[in-house]
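The values are calculated or read from the model by the stated rules, or taken from the named source; none is laboratory data. Quantities reported herein were computed from a predicted structural model and do not represent experimental measurements. Positions of Cβ are backbone-derived with ideal geometry, glycine not excepted, and every protein chain shown enters the neighbour counts. With ligands, DNA and RNA removed, areas are computed over all heavy atoms of the protein, side chains included. Shrake-Rupley method; radii C 1.70, N 1.55, O 1.52, S 1.80 Å.
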Amino acid sequence: MWTILRDRITTRTTTTMPCSFLAQFHSFPPLRSALFEPSPPPSPHHHRHHRHRHLPPPLSSGFSGGGWSPAIRSFCSTSGCERRAMAGRLESCSSDPSSVSYLTQREAAEIDEELMGPLGFSVDQLMVQWLNVNVMCWQVYKASAYKRVLAICGPGNNGGDGLVAARHLFHFGYKPYICYPKRTPKPLYTGLVTQLESLRVPFLSVEDLPPDLSTEYDILLDAVFGFSFHGAARPPFDDILRRLVGMRKSDQTNKKSPVIVSIDIPSGWHVEEGDISGEGIKPDMLVSLTAPKLCAKQFHGPHHFLGGRFVPPPIAEKYNLRLPPYPGASMCVHIGKAPQVDISAMRENYISPEFHEEEVDADPIKQFHKWFEEAVAAGLREANAMALSTAGKDGKPSSRMVLLKGVDEDCFVWYTNYESQKGRQLSENPWASLLFYWESLNRQVRVEGSVEKVSNEESEKYFHSRPHGSQIGAIVSKQSSIVPGRQVLHQQYRELEEKFSNVNLIPKPEHWGGYRLKPELIEFWQGQQSRLHDRLQYRPQEIDGRRVWKIVRLAP
């Protein structure tokens, strides 16, 4: 992308970029003509026909923040899912292909020229996109299962995208290799090569590649040709593309095959007509840049991402662009229908340090503190979240997530409404279990034991340490009771907010307070490869009148 790069790249770009979202092969006509058998570009009439046939009506409002039109709001459903469902941690958009704009080749080129010309964008400003694209790749194809990556880089800007992607993936824990047979001598690209060499990322010649790519790699990053590609590829890329296509065909014989990730368009596809022969690359993931190209309508893989959260209103209005809203602070969005998931095939091969008996603390509370501090240090969101399971006198269990609010010498403490379902069950059966799950560390901690209420003084102290709004919320919520609608809660909240507006100390409700669980069992679980997980369990026993903890290993 960004055709004007050919004029600016040597003067406005340094050789040590923090991250890169590079242009497509379109920027280098001398190189392109040396590598391809050229074919004439589509006629202006052809482009106008495509624009009017494929592009939807203009937006009624701008593209930033809450300015999206109702039509665009209805395009996306922003439901976050875990990666383990292969839609994982993605804010996905469900739509038919007509819900988003698709660009012709000419429109894509014109947009690049305007971005890098009168609108004042520099390469540096647009490069940050590739970090976000790689985050999406990481979320879908975890390094624990897809560690070995081969980035196949062409001689133009699409190849530069591949170099940048490989650099980020290295830092994300992957093991990248790069095949870059036709290197570009411009400073930006030589700088990227230097950065990768400093990371000791191997560069492979075409001759170094194994005959069967599926035997050595888990991900193949297709960064060969961009949207300016015409005609037939020349050596050595023609052979590489044939091998990619042939590898996918061999997968039909139940042979394991790497996933293919293509940048902007699958290499070898016509930018508008797609896989004309029907024999081209069939990528598993397509990453469109700025806006999808017309060929993307033929993409039927499970993951289509768009990276282009920088399109200014003048561009959107001029080209009648309809683009999906980006979730939260993400610079990428998953577009198209969510992939179908085979739940029975979902699995993770955990890679963790081994967990040995001689390494753990004799006191399970101290061992818990150690793991908890490591979870906090790892930046996990709400590391104190735990599943609390209770059962009443009928023996029927129920679970919910609550927040741990303290661990003293031998107890775990949390706070809640005593009249809630869990409060009623604990009054009938004062036993419960806790479960902490720290996914990115492959760790769980199970705790079982007896439960009692904390003192009223302790509950008072914690209640008044909470934010003002949380205190009012605790009074408003008659937890687990039926309410006629959310507006009732808001109305009661506003009334109490006004009532306590000039009150320094809001009285704690009598029905609100803390519980303390005294453990009779604590188990530490560390995920391992091939399901040979580590499970070390602590149980108390009396020795010479003292309560001590016995540690045993359980089969996974």
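Name the single residue, out of those in segment 413-460 being among the acidic types (Asp, Glu) and open to solvent by 50 Å² or more (accessible area, probe 1.4 Å), that is nearest to residue 523 (Cα to Cα). The residue in question is 448.
Being touching a residue at least 12 places away in the same chain (Cβ under 8 Å), part of a loop (DSSP other than H, G, I, E, B) and loosely packed, with under 13 Cβ neighbours inside 10 Å, is that true of even one residue in segment 328-338? Scanning segment 328-338 turns up at least one residue that is touching a residue at least 12 places away in the same chain (Cβ under 8 Å), part of a loop (DSSP other than H, G, I, E, B) and loosely packed, with under 13 Cβ neighbours inside 10 Å. From the list 419, 409, the one residue that fits, being under 23 Å from residue 475 (Cα atoms), assigned to a loop (DSSP other than H, G, I, E, B) and either charged (D, E, K, R) or free of Cβ contacts under 8 Å to residues at least 60 places away in the same chain (or both), is 419. Only a single criterion out of (1) modelled with pLDDT of 90 or more; (2) open to solvent by less than 10 Å² (accessible area, probe 1.4 Å) is not satisfied by residue 228, namely (1).
Listed by position, the helices (runs of 4 or more DSSP H) enclosed by segment 106-181 that each have at least 1 residues that are modelled with pLDDT under 85, polar (S, T, N, Q) and surrounded by 19 or more Cβ atoms within 10 Å (Cβ to Cβ) are 129-140, 157-171.
Would segment 469-492 turn up any residue that is of a type in the set (Val, Ile, Thr) and touching a strand residue (DSSP E or B) at 6+ places or on another chain (Cβ under 6 Å)? No: zero hits. Report whether or not residue 248 is among the charged types (D, E, K, R) and either closer than 23 Å to residue 286 by Cβ or modelled with pLDDT under 90 (or both). The answer is yes for residue 248. Just the residues that are open to solvent by less than 20 Å² (accessible area, probe 1.4 Å), modelled with pLDDT of 90 or more and not hydroxyl-bearing (Ser, Thr, Tyr), please, taken from segment 211-223. Within segment 211-223, 218, 219, 220, 221, 222, 223 qualify. Report whether or not residue 203 is touching a strand residue (DSSP E or B) at 6+ places or on another chain (Cβ under 7 Å) and modelled with pLDDT under 85. It is false that residue 203 is touching a strand residue (DSSP E or B) at 6+ places or on another chain (Cβ under 7 Å) and modelled with pLDDT under 85.
Of the listed requirements (1) touching a strand residue (DSSP E or B) at 6+ places or on another chain (Cβ under 6 Å); (2) modelled with pLDDT under 90; (3) not small (Gly, Ala, Ser), residue 348 misses just one: (1).
Could we say that residue 396 is surrounded by fewer than 16 Cβ atoms within 10 Å (Cβ to Cβ) and within 30 Å of residue 498 (Cβ to Cβ) here? Spelling it out, it is not the case that residue 396 is surrounded by fewer than 16 Cβ atoms within 10 Å (Cβ to Cβ) and within 30 Å of residue 498 (Cβ to Cβ).
Which one is nearest to residue 448 (Cα to Cα), of the residues in segment 353-387 that are among the small types (Gly, Ala, Ser) and open to solvent by less than 50 Å² (accessible area, probe 1.4 Å)? Step through it out loud before you land on a result.
Filtering segment 353-387 down to residues among the small types (Gly, Ala, Ser) leaves 362, 375, 377-379, 383, 385, 387.
Those left that are additionally open to solvent by less than 50 Å² (accessible area, probe 1.4 Å): 375, 383, 385, 387.
Working: 375: 21, 383: 19, 385: 16, 387: 12 Å.
So the residue we want is 387.
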